[in-house]
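Structure record follows, encoded as structure tokens.
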Amino acid sequence: METLNLVFLSLHNVIRWVVLVLGVVLVVRSILGWLKKWDYQERDQKLTAFFPGVYDLQILLGIILFFSKGWGGVLMNAPAEVMKTAALRFFAVEHWTLMIVAAVLIHIGSAQVKKATESIKKYKRAAIWFAIALLLTLASIPWPGMSAARPLLRFFGLVF
């Protein structure tokens, strides 16, 4: 079981960077497209379709880790202790809650982009929805220096 957890944790960590890079690229391209009134590009359509799928994979890996690492049990068995301790509260409540909210916003944004008929509306909707989701995602990551800090990169036992 520990080896499987290591695989899921490594994948969750690596895919985090894919999500962040993809999110930044989408937000920057969307803002530029909106402000410069670009015609909506096929690559933007592909990125907009790909982003929710990658984020969903990250959520799935996170759910597996949530239950295999025991955060669900900790929350259910000692809710008062969890809420008093910042690091416990972060993983047992805040991290996954904000990530799921961000995932919902990404799906809504993707649907809103598809519904729009004009390029400027597509870019505007993508910029707004994806920027909010990206900010929530950034706020939900256990960055070094936080009470719940984790390394920037963990890959099959290697820590950076």
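Values quoted throughout were computed directly from the atomic coordinates according to the rules given, and no laboratory measurement underlies them. On a predicted model such as this, the values are computed, not experimentally measured, just so you know. Cβ coordinates were reconstructed from backbone atoms using ideal geometry, including for glycine residues, and neighbour counts include every protein chain displayed.
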Looking at the range 139-155, which of the residues that are touching a Leu at 6+ places or on another chain (Cβ under 7 Å) and either surrounded by 12 or more Cβ atoms within 10 Å (Cβ to Cβ) or of a type in the set (Ser, Thr, Tyr) (or both) is farthest from residue 84 (Cα to Cα)? 154
Filter the range 100-126 down to the residues that are among the hydroxyl-bearing types (Ser, Thr, Tyr) and either in contact with a helix residue (DSSP H, G or I) (Cβ under 7 Å, 6 or more places away or on another chain) or touching a residue at least 40 places away in the same chain (Cβ under 8 Å) (or both), then identify the one that is farthest from residue 33 (Cα to Cα). 110
Residue 96 - would you say it is out of contact with any Lys or Arg (no Cβ under 7 Å at 6 or more places or on another chain) and part of a helix (DSSP H, G or I)? yes
Pairs where the first residue, in the range 127-139, is in contact (Cβ under 8 Å) with a residue 60 or more places away in the chain and the second is surrounded by fewer than 19 Cβ atoms within 10 Å (Cβ to Cβ), C-beta under 6 Å, 6+ apart: 127/31
What pairs come out if I take residues in the range 52-65 that are within 21 Å of residue 130 (Cβ to Cβ) and pair them with residues that are surrounded by fewer than 17 Cβ atoms within 10 Å (Cβ to Cβ) and of a type outside the set (A, V, I, L, M, F, W, C) whose C-beta lies under 6 Å away, six or more apart or interchain? 52/107
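Does any residue of the range 49-63 turn out to be more than 19 Å from the chain's Cα centre (by Cα) and acidic (Asp, Glu)?
No, every residue in the range 49-63 fails to be more than 19 Å from the chain's Cα centre (by Cα) and acidic (Asp, Glu).
Out of all the residues in the range 115-127, which are more than 21 Å from the chain's Cα centre (by Cα) and surrounded by fewer than 22 Cβ atoms within 10 Å (Cβ to Cβ)?
Selection gives 115, 116, 117, 118, 119, 120, 121.
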